[in-house]
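J.: Take a look at this one; I'll ask things after.
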Amino acid sequence: MKITDIRLGILSVPLRTPFKTALRTVDHVQDVIVTIRTDTDQEGFGEAPPTGVITGDTTGAIIGAIKDHIAPALAGRDIECLEENTAMVQKALVHNTSAKAAVDMALYDLYGKRFGIPVWRMLGGARKKIETDITISVNSPQVMTRDTEDAIRRGYDTLKIKVGVDPSLDVERLCAVREAAGPKTKIRIDANQAWKPKQALRILDRMQEKGLDIELVEQPVPADDFDGLRYVTQNSPVPVMADEAVFSPGDALRVMQEHAADMINIKLMKCGGITNALKIVSAAEIYGMECMLGCMLEAKVSVNAAVELACAKGIISRIDLDGPVLCSVDPVIGGATFDEKTITVSDKAGMGIEGITGLQELA
């Protein structure tokens with residue numbers, strides 16, 4: 001099975017409600033879709049969201065990286081040579097992790113299809129079902145109360161709360177969310193790099209004094225403030241998870257070796273795909289550091305790839321793969337089943353995706 005063509009398209013999907021964080025506001029998903037075609041008419045699918053404020057990858061950059069660098073390196077390659085193929089993707093150019101992730105997952109999809117095995121079983125087969133949290137965007141306390149009540153009605157028992165816009169309101173926001181959610185709901189918060197180290201500790205101390213029972217705080221300080229992240233971790237009453245501070249396996253290893261965080265959030269778009277995510281997982285298994293498998297604001301193709309990995313590895317103990325349920329429609333045929341908080345991975349070969357409706361193909 002040899003690669004004959006790599007096609008690109010744009011997938012646009014409106015969200016149920018606008019997605020607001022300390023870094024951006026988005027009302028629809030508009031991602032680049034990669035389709036790798038072979039001489040046996042099999043197709044492998046990948047996806048890359050343009051998330052310039054986090055990864056630096058814009059739509060144009062993703063398209064250019066794949067068309068001008070990655071696709072020429074893979075032309076005519078045999079799908080069976082997975083290790084060499086994925087290494088060529090990583091070496092094709094520096095950075096551009098989202099473009100690499102999209103092609104990388106498509107290669108895994110085709111490899112699984114070639115040998116008739118689901119990717120999640122191929123990588124470890126730890127479990128078939130996982131449960132995700134759902135994100136509550138940062139808004140006024142009143143709007144966040146409404147969104148929390150809606151999430152509880154839909155059956156979610158773990159909420160990921162965005163904070164960091166006007167830090168003086170963060171405690172009030174969390175008080176409103178906790179009251180609406182009740183005492184049994186798990187609440188994790190994501191500051192998206194919005195606080196300074198001492199400010200983060202003051203806010204977290206106040207939240208705990210209020211009895212808000214926060215499960216964890218994600219990336220409380222800027223990504224490049226490694227010392228600040230370690231300082232917060234060493235002094236925080238709430239466990240700290242590194243997110244934007246960890247792009248590469250090397251970043252993850254440094255966090256583990258220096259205990260700069262208690263946990264790591266692995267995202268395929270940050271690390272360049274399943275290949276590098278597996279390296280982070282292996283290090284986490286050695287150091288005994290629990291991981292979350294997360295996503296950007298993505299549609300089902302790339303989140304489906306993350307589900308495959310999450311179902312493969314037991315060290316991934318927390319799941320933040322709510323992208324598809326935040327979308328108002330699902331244009332992807334096949335793949336994992338997203339039934340609100342419960343995600344069931346497909347047992348079909350590869351990643352189980354059979355096609356995508358409404359895709360705008362690029363010349």
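The values are calculated or read from the model by the stated rules, or taken from the named source; none is laboratory data. In this text the structure is predicted, and so the values were computed from the model without any measurement. Cβ sites come from the backbone with ideal geometry, for glycine too, and all protein chains shown count toward neighbours.
J.: Tell me the residue from A260, A245 that is assigned to a loop (DSSP other than H, G, I, E, B), closer than 20 Å to T51 by Cα, in contact with a Leu (Cβ under 9 Å, 6 or more places away or on another chain) and at pLDDT 95 or above, please.
T.: The match here is A245.
J.: Could you please find all residues in segment 9-37 being part of a loop (DSSP other than H, G, I, E, B) and either under 14 Å from M296 (Cβ atoms) or at pLDDT 90 or above (or both)?
T.: T21, L23, R24
J.: Another question about this same structure. Taking the conditions exactly as written (over 27 Å from I152 (Cα atoms) and free of Cβ contacts under 8 Å to residues at least 60 places away in the same chain), does T357 satisfy them or not?
T.: Numbers: over 27 Å from I152 (Cα atoms): yes; free of Cβ contacts under 8 Å to residues at least 60 places away in the same chain: yes.
The answer is yes for T357.
J.: Taking the stated definitions as given, is T86 more than 21 Å from L11 (Cα to Cα), touching a Gly at 6+ places or on another chain (Cβ under 9 Å) and polar (S, T, N, Q)?
T.: So T86 passes the test.
Matching residues to (1) of a type in the set (A, V, I, L, M); (2) in a helix (DSSP H, G or I); (3) out of contact with any helix residue (DSSP H, G or I) (no Cβ under 8 Å at 6 or more places or on another chain):
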{"site": "I264", "(1), (2), (3)": "yes, no, no"}
{"site": "K270", "(1), (2), (3)": "no, yes, no"}
{"site": "T275", "(1), (2), (3)": "no, yes, no"}
{"site": "L278", "(1), (2), (3)": "yes, yes, no"}
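J.: Quick one: would you say V32 is under 26 Å from L278 (Cα atoms) and out of contact with any Pro (no Cβ under 8 Å at 6 or more places or on another chain)?
T.: Against the criterion (under 26 Å from L278 (Cα atoms) and out of contact with any Pro (no Cβ under 8 Å at 6 or more places or on another chain)), V32 does not qualify.
J.: Which condition does D213 not pass, out of (1) more than 20 Å from G294 (Cβ to Cβ); (2) touching a residue at least 60 places away in the same chain (Cβ under 8 Å), if it passes all the others?
T.: Unmet for D213, out of (1) more than 20 Å from G294 (Cβ to Cβ); (2) touching a residue at least 60 places away in the same chain (Cβ under 8 Å): (2).
J.: Name the single residue, out of those in segment 38-49 being among the charged types (D, E, K, R) and surrounded by 16 or more Cβ atoms within 10 Å (Cβ to Cβ), that is farthest from A61 (Cα to Cα).
T.: Keep residues of segment 38-49 that are among the charged types (D, E, K, R), which gives 39, 41, 43, 47.
Subsequent filtering for residues that are surrounded by 16 or more Cβ atoms within 10 Å (Cβ to Cβ) retains 43, 47.
Values: E43: 23, E47: 14 Å.
Step by step, filter segment 38-49, then rank; the result is E43.
J.: In the set G350, G335, G358, which member is modelled with pLDDT under 95 and not hydroxyl-bearing (S, T, Y)? Quick ask: steps written out before the conclusion?
T.: On the way: G350 fails: modelled with pLDDT under 95; G335 fails: modelled with pLDDT under 95.
After ruling out the rest, the residue left standing is G358.
J.: Any residue in segment 89-105 that is closer than 22 Å to L309 by Cβ and part of a strand (DSSP E or B)?
T.: No; the residues of segment 89-105 include none that is closer than 22 Å to L309 by Cβ and part of a strand (DSSP E or B).
J.: Could you please tell me which pairs satisfy a Cβ distance under 8 Å, a separation of 6+ or placement on different chains, a first residue in segment 142-169 that is assigned by TED's automatic domain parsing to the domain that holds I130, and a second residue that is assigned to a helix (DSSP H, G or I) and of a type in the set (V, I, T)?
T.: M144/V177; T145/V177; T148/V177; L159/T148; L159/V177; I161/V177; P167/I203
J.: Just to be sure I understand, how many residues within segment 26-44 are within 17 Å of the chain's Cα centre (by Cα) and either among the small types (G, A, S) or farther than 18 Å from E361 by Cα (or both)?
T.: We begin by selecting, within segment 26-44, every residue within 17 Å of the chain's Cα centre (by Cα); these are 26, 28-33.
This time we only want the ones that are either among the small types (G, A, S) or farther than 18 Å from E361 by Cα (or both), so: 26, 28.
Number of matching residues: 2.
J.: I've got another one for you. So, in segment 111-149, of the ones that are under 14 Å from G182 (Cα atoms) and out of contact with any strand residue (DSSP E or B) (no Cβ under 9 Å at 6 or more places or on another chain), which residue ends up surrounded by the most Cβ atoms within 10 Å (Cβ to Cβ)?
T.: Per the stated criteria, the residue is T145.
J.: Name the residues in segment 220-238 that are touching a helix residue (DSSP H, G or I) at 6+ places or on another chain (Cβ under 8 Å) and assigned to a loop (DSSP other than H, G, I, E, B), would you?
T.: P220, V221, P222, D225, S236, P237, V238
J.: I would also like to ask the following. If you scan segment 249-289, which residues turn out to be under 14 Å from the mean Cα position of the chain (by Cα) and either surrounded by fewer than 17 Cβ atoms within 10 Å (Cβ to Cβ) or not aliphatic (A, V, I, L, M) (or both)?
T.: Passing the criteria: N265, K267, K270, C271, G272, G273, N276.
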